[in-house]
Structures are given as C-alpha cells and as structure tokens.
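Before any comments, here is the structure.
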Amino acid sequence: MPALPPPTPPAAASALNPAPALRYGFADAWLGETLAEWRASRPARANAACGTGGGPAVLVCRGAEADLGGGYAARELSYVFVDGRLARISFRTSIDGFAYVTAALKKDFSAPSQVVRDSQGPAGRPHVSMTWRNGRSTIVLSDPVADAVHLSVRFTLDALADRVSKAG
C-alpha cells in the first residue's frame, strides 16, 4: 500500500482570517456561526448593539472598527444574523486602503475568482469589483462605492443570501 502524502499545512493567520479555516470570516467572526459564538469570540461583542432589520428572524449587530493595516480601519462594520446564524459581514473603508484590503483578502482566501473593471456614474468613474467564492460563501469587494471615497467589502453565506439582502 502506498504511503499517504503529508497533510497540507493550514493557511497562515492574518487580520482577515485569524484562524486557519476554509470558511470565510473577518475579525474573529465566521459566516455560519451562531449569535452566541459571535458574542463569545470577542469580549467587546458581549453587549454589542443589535436590532431587527429586513424581515422576520433577521438581526443586525454593529461592531467596533477593526484595523486593516496601514492606518486604515473597517468602518460601519455590521453583522447580519438570519435564523440565529451569521449570514453577512460588511464594512466600508477609505478607497486609499484598497491595497491593504486586497492584499489581506488574497493572502487569506487566494486570488479572486472574478475581477470586473467597469465605470460608474454619469462621469464614468473607474470601478472594480472583486469576487471570491468557496462554494459556500461569497466575498465581494467594490471600489469605489457611490460616494467615490469609500470601498465596501461584503462576506455573505450563500444559502441565506436572498434573505440577508433585505437587511442591507
């Protein structure tokens, strides 16, 4: 019987993916985890402000800013739970942080599966959308968003994407 190959080493930890895993997550929060697991993963989340939004069994929690490197922070950090499971993580940051966010996503989740360059708005402002997929979840980076000075990142659990889209 031939010897089995050695196991593949786990991915390196970083700011966006602190634990080696095949699932998508950000700042110690993982798509698919329960509200209790999310609250327990960081002490500051124990009393995080949460409220209903977008439909039955949808809970939206706001998180504290998270460091992205280079002096940039994830702002307007939100966590959307559907039926008690984390279904979406989203944040915005300065478009100047694009290189830091993109490098971290590539390090943690490999190269994007899709990159689309187009233009937006009446002025035809250049825009890029990068998408990562793992068969269970999707990450979308959009740079810039409508205000032209921010980019957005959304991590979404595919099975709950329709229901979470109502939460914004």
Item to check | Sorted peptide list for 115-126, 91-102, 139-150, criterion being average Cβ within 10 angstrom, highest first | outcome: 91-102, 139-150, 115-126
Checklist outcome for this item: Relative contact order as a percentage, the chain, C-alpha pairs under 8 Å and 6+ apart, gives 20 percent
Checklist entry - What nm value, rounded to one decimal, do you get for the distance between Val128 and Ala36 when each label is placed 7 Å out toward the C-beta? => result 4.3 nm
Next on the checklist: Given points 7 Å out from each Cα along the Cα-Cβ axis, report the Val115 to Ala46 separation in nanometres with one decimal.
Outcome noted: 4.4 nm
Next on the checklist: Can you give the log10 of the normalised intensity I(q)/I(0) at q = 0.09, 0.11 Å⁻¹, computed with Debye over equal Cα scatterers of the chain?
Outcome noted: -0.32, -0.47
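No lab work stands behind these numbers, since they all come straight from the coordinates. On a predicted model such as this, the values are computed, not experimentally measured, just so you know. Quick reminder, even Gly has a Cβ in these numbers, built from the backbone with ideal geometry, and neighbours come from all protein chains shown.
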